[in-house]
Every structure is written in structure tokens, then in C-alpha cells.
Ligand SMILES: [Zn+2]
């Protein structure tokens, strides 16, 4: 098997579990209130965050059309409102495919300036151009929304998980949705064509750690079922350390003249315990391949 088909096969295998019904059964009730009318919706794909009051309805990320519809119905029932803003943390399909379902119910869709183009390029590669609904309002470095008694601050730290990651802070609730900057105790999806850089990703996690406090509650795009999709700022450093360990493992392998196949044939990164094995089976090999390419091994 040549390297390209090896990469494509493992990519397809890795994305499959995100679509499987198994992920629907994590929680019977996908809605969970966190603090001060800010909560989350698990469903399927990247975790949705929300602020739901009689005065404001903000949604962060859109998952897929079926779960987006379920999320919309629940939030509408809770507030009686249409959505003031849907914010996409980044362009990946499991965060934007549901834009189509939210679109008739939202006044605007907000994303970082780079997101519509990244979304278009990815859709072209996947043959899903017709299904795309794009952000109609973009920002470069930051944006603030007044939302009833809440203030929503949206920032961009530079390329990390993708080339257009938004971080959303519900200031009064002190809840931050970090999108896919954290795969909680999972290897993470390193999307080089989508603008990922593991160095930028680690820097973003360090900056987040410095910016917020031990009182801040974080919502993560994905989480190992055992650890969940929320956490504190210490969890940001677990993700950062894992990325660093991954880079070290691959860099040492490249120096030792190992092939990408040899390096990818492992079930753990040295120094990182077995909880990284609980995620989908191809996640780690795919992350190793991406870093191999990033570090110039391919
Ligand atoms: Zn993602």
C-alpha cells in the first residue's frame, strides 16, 4: 500500500465512529445546564454550547442536521426565541453540517474570517459542496455580543486545530467553549490541509491556560466518554502535553530513520497512559501520520 492510500484509508476509518449511532448513547438527555443559563448539547459530533434565556439565544456549533434539529427544538421550547447568533468554532463537518438546519431559525451565523474558505475547500474534497451553509458574518481577531444579561466574547488565537478556530467566552457565566482545541483524553484530529499546526495548537492551549482561572469551566469539542466534554484549565495542559509527547515520539522516530507505518503501528505514545486508547481505533495512527508529515518526514 502506498503512503497516500494508507493515509486515506486510515482517515476514512478514523472519521467513521464520529458518525456511528453508538455516540448517540453517551447520555440519554443530550442537554445539560452548566452555569447561569449556559449549557451544552452532546448529540453526535462536536459538542454544542448554548446560552438560553428569554432575552437571548446563542448557539455554538451545529453538529449534523438531525441533531441540530433536535437541539433547536429543545432550545426553542426553553426560550420561545429564535436564535440571535450561531457561532461555528471552526469549519469541520461535525461542527458545521447542522448549519443548514439552524439557518431558518437564526439571525446570523458567525465564524472566523478563514472558515468559509476552509469549509468550501474541505467540502470540495469530500464532494459535499451543495450541502454547505456558510457563516454570513466573520471576524478577524475578536468580536463581542451583548446577549441579555450575558456578554459573549469571541477570539481567534491563530492557526491551531485548524486555520480558523474561534474561542467563545460567556463572560458572566465564566464558561469557555474551546471547540476542538481540546479532545479530552483523546489523540485529536490533526488536519494539515485544514490549516492545523501542532505548535500553534500547543501555544493556543498555553495562552488559554494563562488567560482563564481555576473557576473557569471549559466545554470541549470532543471527549473520551470516561472523562467527558467539560473540564477545568488543567485539562488544557493535558492536551498540550499529549501534543508535545506526540511530536517528540515522531521526531525521535524520524531521526532513527523509521517509516511512518512503523511509527503508526503503536497503541500508545510513550509517557501517556492507556486512557488515550479509549477513543476510536485509528485516531492515534492518523495523528502520528499527520505529525510525521508536519515535521517533514513525508
Ligand atoms: Zn475539528
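Report note on the peptides 149-155, 129-135, 266-272, 209-215: ranked by the mean count of other C-beta atoms within 10 Å, highest first, their order is 149-155, 129-135, 266-272, 209-215. Just need the relative contact order of the chain here, percent rounded to a whole number, with Cα pairs under 8 Å and 6+ apart. Here the relative contact order equals 14 percent. The modelled label-to-label distance between residue 262 and residue 121, using points 7 Å beyond Cα along the C-beta direction, is 3.2 nm.
Estimated at 0.36 nm per residue, the fully extended path between residue 210 and residue 149 surpasses their Cα-Cα distance by 19.4 nm. Annotation: extensible slack from residue 103 through residue 130 equals 8.2 nm (criterion: 0.36 nm per residue apart, minus Cα-Cα distance).
Working from label points 7 Å from Cα in the Cα-to-Cβ sense, the residue 248 to residue 82 distance is 5.3 nm. Each of the peptides 74-80, 166-172 was scored by the mean count of other Cβ atoms within 10 Å over its residues; in descending order, highest first, they stand as 166-172, 74-80. Helix 233-255 and the long axis of the chain differ in direction by around 30°, with both axes built from C-alpha atoms.
In the chain, helical runs assigned H by DSSP with n ≥ 4 each contribute -39500 (n - 2.57); averaged across all residues and rounded to the nearest 500, the mean residue ellipticity at 222 nm is -11000 deg cm²/dmol. With r defined as the distance between the Cβ atoms of residue 255 and residue 199 and R0 fixed at 22 Å, what FRET efficiency is calculated, to the nearest 0.05? Between residue 255 and residue 199 the formula returns 0.75. The DSSP beta bridges internal to the range 23-234 are antiparallel in roughly 65% of cases.
So if we plug the beta-carbon distance of residue 113 and residue 293 into 1/(1 + (r/R0)^6) with R0 = 41 Å, what FRET efficiency do we get, rounded to 0.05?
After rounding, the FRET efficiency stands at 0.95.
Going by alpha carbons, how many degrees (0 to 90, nearest 10) lie between the helix axis of 115-126 and the longest principal axis of the chain? Between helix and principal axis, roughly 60 degrees. Taking Rh as the Kirkwood radius computed over C-alpha pairs, what is the Stokes-Einstein D of the chain at 37 °C in a medium of viscosity 0.692 mPa s, expressed in µm² per second? Estimated diffusion coefficient is 170 µm²/s.
Every number here is computed from the coordinates shown, using simple stated rules; none is lab data. Keep in mind that what you see is a predicted model, and the values were worked out from it rather than measured. All Cβ positions, even for glycine, are placed from backbone atoms using ideal geometry, and neighbour counts span all protein chains on display.
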